[in-house]
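A short worksheet on the structure shown next.
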Amino acid sequence: MTPLAALLADRIRAGGPLTLADYMAECLLHPLHGYYATRDPFGTGGDFTTAPEISQMFGELLGLALAQYWLDLGAPAPFVLAEPGPGRGTLMADVLRATRAVPGFHAAAQIWLVEASPVLRDRQRQALAGHAVHWADRVEDLPDGPLFLLANEFFDALPIRQFTRGPTGWDETVVGLSPAGALQLGRVPVADPGLTAAPGTVVEICPAALPIAAHLGTRIAAQGGLALILDYGGWGSRGDTFQALHHHTFADPLAAPGEADLTAHVDFRALAAAARPAAHAFTTQGTLLNALGLQTRAERLAARLSGPALQAHLAAARRLTHPDEMGTLFKALALYPPGAPTPPGLA
Ligand code: SAH
């Protein structure tokens, strides 16, 4: 048993089973034993790899899209350039490098990161050395002003609750204890959670995501800006997507609490609905990156490479965009002011 498993078992003995949201929150962010609170999980030696870690092109293209939209909105100054869940800080570093040549963009940008993990805040500080960077604990704590925000694989880390529609009512998936005292999944009947679905359907909701989307929508509608949210998931999709990744392999989410990454697919329809009155546009990651010019950028970088470096670069371009890889599973949601032009790559 991991130390966190022992703590959670005590908690369940004292107070009954935990919702998946309580379980996820403890596993990811417990101050002593939480997954993100204690490590840098990225890269080949870690548990998973994300788009910004696969290729610099991801951050470059998204950064230029933000900067183009900033120009489209009349280059408001100052503005807040923000990223929740920045991991190693790679995405923001690529954004800042790519936008150096955009006149006035850096001078007007106030850089804000929203990060819960002290370990990752240190990594971000190193990655962004030379820039004035501020940290906030919550998206809602970002300062006022026009907001240009990128979020990659942030929303999938927010805790979910999972319900199953039975013949007569709803059950919630919970983490309880087996007779031998091991963590085990179970289902308990709950009051109607206000969802509609046919019997047998599994529905996941992400209570923490909705106030964040609502905050983004309200402030972008009122003060201007753009939020680009990339993640795996779908549009109103259903089903059990609660998963654990350990050393790049799917694992039992209860096997080693605090030592595996736990995620669930993002329901972009729920985010877009919560973000009203902001306007939204939705597409796949592959479509967006190709529309922003990924293939052209890839060819330009390829001209300087040869041998294994060239092969790795071509594989990375394919991985980000191809439907068999991240291109279709990953989606992109843009939130922008109602009545404003559609953001780059999303028309
Ligand atoms: N965007 C990065 C990292 C994704 S992993 C990339 O694409 O590589 C998720 C990130 O969100 C980590 O930095 C994690 O520490 C952070 N995080 C998770 N839950 C959070 C929360 N509730 N508040 C703030 N940051 C959180």
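Values as computed for the structure displayed
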| read-out | value |
| --- | --- |
| The stretch 286-347 - charge dipole about Cα centre, Lys and Arg +1 at Cβ, Asp and Glu -1, debye rounded to 20 | 140 |
| ³J(HN,Hα) computed for each position of the stretch 43-56 - Karplus, 6.51 cos²θ - 1.76 cosθ + 1.60, integer Hz, glycine/proline x | x, 5, x, x, 9, 7, 10, 10, 3, x, 7, 7, 7, 4 |
| Accessible area, probe 1.4 Å, largest first, for residues Cys206, Cys27 | Cys206, Cys27 |
| Charge dipole magnitude, Cβ of K and R +1, D and E -1 - the chain, Cα centre, debye nearest 20 | 620 |
| DSSP-assigned coil residues among trypsin sites (Lys or Arg not before Pro) in the stretch 81-122, each with at most 15 further Cβ atoms within 10 Å | Arg100 |
| Cα shape, the stretch 187-285, gyration tensor, a/c 1.5 rule | oblate |
| Table column - 3J(HN,Hα) (Hz), the stretch 71-79, Karplus curve with 6.51, -1.76, 1.60, x for Gly and Pro | 5, 4, 8, x, 6, x, 9, x, 9 |
| Net +/- balance of residues flanking Ala270 in space, Cβ distance below 15 Å, scoring K and R +1, D and E -1 | +1 |
| Positive-end residue, the chain charge dipole about Cα centroid, Cβ charges, pick of Val95, Ala191, Ala273 | Val95 |
| Rounded Å value of the spacing that divides the Cα centres of the stretch 259-278 and the stretch 182-197 | 20 |
| Distant-in-sequence amide H partners of His265 (H built 1.01 Å from N, under 5 Å) | Thr241 |
| The stretch 288-347: radius of gyration over Cα atoms, expressed as a fraction of 2.2 N^0.38 Å | 1.39 |
| Mean separation of Cα contacts under 8 Å, 6 or more apart, over the residue count of the chain: relative contact order % | 20 |
| Accessible-area composition of the chain, carbon plus sulfur, in percent [1.4 Å probe] | 56 |
| Cα-based radius of gyration of the chain once divided by 2.2 N^0.38 Å, which approximates compact folds | 1.02 |
| Fraction of the pair-distance distribution of the stretch 147-215 above 21 Å, Cα-Cα pairs, percent | 43 |
| Accessible surface, the chain, averaged per residue in Å² (probe 1.4 Å) | 42 |
| Proportion of all alpha-carbon pairs of the stretch 21-156 beyond 27 Å (%) | 19 |
| Coordinate range along principal axes, alpha carbons of the stretch 1-43, Å, largest first | 37, 19, 15 |
| Those trypsin sites (Lys or Arg not before Pro) in the stretch 125-174 that DSSP places in a loop and that have at most 13 other beta carbons within 10 Å | Arg138 |
| Tyr36 accessible area, assembled protein chains, probe 1.4 Å, Å² | 30 |
| Cleavage-rule hits, trypsin sites (Lys or Arg not before Pro), the stretch 289-347, DSSP coil, Cβ neighbours within 10 Å at most 13 | Arg304 |
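The values are calculated or read from the model by the stated rules, or taken from the named source; none is laboratory data. Values in this document were obtained by computation on a predicted structure and should not be read as measured data. Here Cβ is always computed from backbone atoms with ideal geometry, including for glycine, and neighbour counts include all displayed protein chains. Just so you know, the surface numbers come from the protein's heavy atoms only, side chains and all, with ligands and any DNA or RNA stripped out. Shrake-Rupley method; radii C 1.70, N 1.55, O 1.52, S 1.80 Å.
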